[in-house]
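Written below as structure tokens is the structure these notes are about.
Please treat every number below as a calculation from the coordinates, not as lab data. All of these numbers come straight from a predicted model, not from anything done at the bench. Note that we place each Cβ from the backbone using ideal geometry, even for glycine, and neighbour counts take in every protein chain shown.
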Amino acid sequence: MQTKKLYLDVCTICRPLDDQSIMRIRLETDAFYMILQSIKNGNYKMMVSPVHLKEIDDIDDIHEKTELVTLLNKFGTNSSCNLPVFKKRAEYFISLKFGIADATHLAFAEATSDVFITCDDKLLIKCNKININILAVSPIEFCIMEDLK
């Protein structure tokens, strides 16, 4: 059986750095850590794209930026995709009113992964309204679906 490839967007990877006094954020953080532990255990692969690195590079907080890059370098798997196909798909998502970062993350996820994981409710709603070539879920939904503990 082939290891599932997961594409976690930057808002998901950043969840542990958000305000943990908010219940939803704390639950999503716990879900992220369960997913990360499963990645560490070799049950899944976390795919990393140049889109991750560009978005992280735009973060002002140097501590946060360093922590995120270290996490991606340590546990992520760099991947590449057919650039003309990727670009065309990203442009298609942009034409559907996806933001540039969301469109490029989603296009790269489709090209390289089995599951797209995001904490962004608006993005998940958009993904579910159109025909995408990947399962898009929240970290909590993924943990429930995969029965992670």
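Annotations
- Packing-based exposure ordering (other Cβ within 10 Å, fewest first) of 105, 52: 52, 105
- Fewest neighbouring Cβ atoms within 10 Å first, the residues 113, 95, 38 line up as 95, 38, 113.
- Helix-only [θ]222 nm of the chain, DSSP H runs n ≥ 4, -39500 (n - 2.57) each, per residue, nearest 500: -17500 deg cm²/dmol
- In terms of its alpha-carbon gyration tensor, the range 1-47 comes out prolate; a/c meets the 1.5 threshold, and the first ratio a/b outweighs b/c.
- For the pair residue 53 and residue 78, label points projected 7 Å from Cα toward Cβ lie 0.5 nm apart.
- Reciprocal mean inverse distance between Cα atoms of the range 4-145 - Kirkwood radius, Å: 15.3
- Pairwise centroid distance, computed over Cα atoms, of the range 37-82 with the range 90-115, Å: 17
- Structural descriptor for the chain: relative contact order 31 percent, calculated from alpha carbon pairs under 8 angstrom and at least 6 residues apart.
- The range 34-84 pair-distance distribution - Cα-Cα, 5 Å bins, rounded %: 5, 19, 24, 21, 18, 10, 3
- Here the chain is assigned +1 on the Cβ of each Lys and Arg and -1 on the Cβ of each Asp and Glu. Its dipole about the Cα centre then comes out at about 560 debye.
- For the range 67-149, the square roots a ≥ b ≥ c of the C-alpha gyration tensor eigenvalues yield an a/c of 1.5 or more together with a/b not exceeding b/c, which makes the shape oblate.
- Fewest-first sequence of 23, 46 by Cβ atoms within 10 Å of each Cβ: 23, 46
- Projecting the Cα positions of 86, 76, 14 onto the charge dipole of the range 4-145 (unit charges on Cβ atoms of Lys, Arg, Asp and Glu, taken about the Cα centre) puts 86 furthest along the positive direction.
- Placed amide H near residue 46: partners under 5 Å, 5+ positions off or other chain: 6, 77
- Global geometry of the range 74-119, whether rounded, prolate or oblate, following the gyration tensor of its Cα atoms and the 1.5 cut on a/c: oblate
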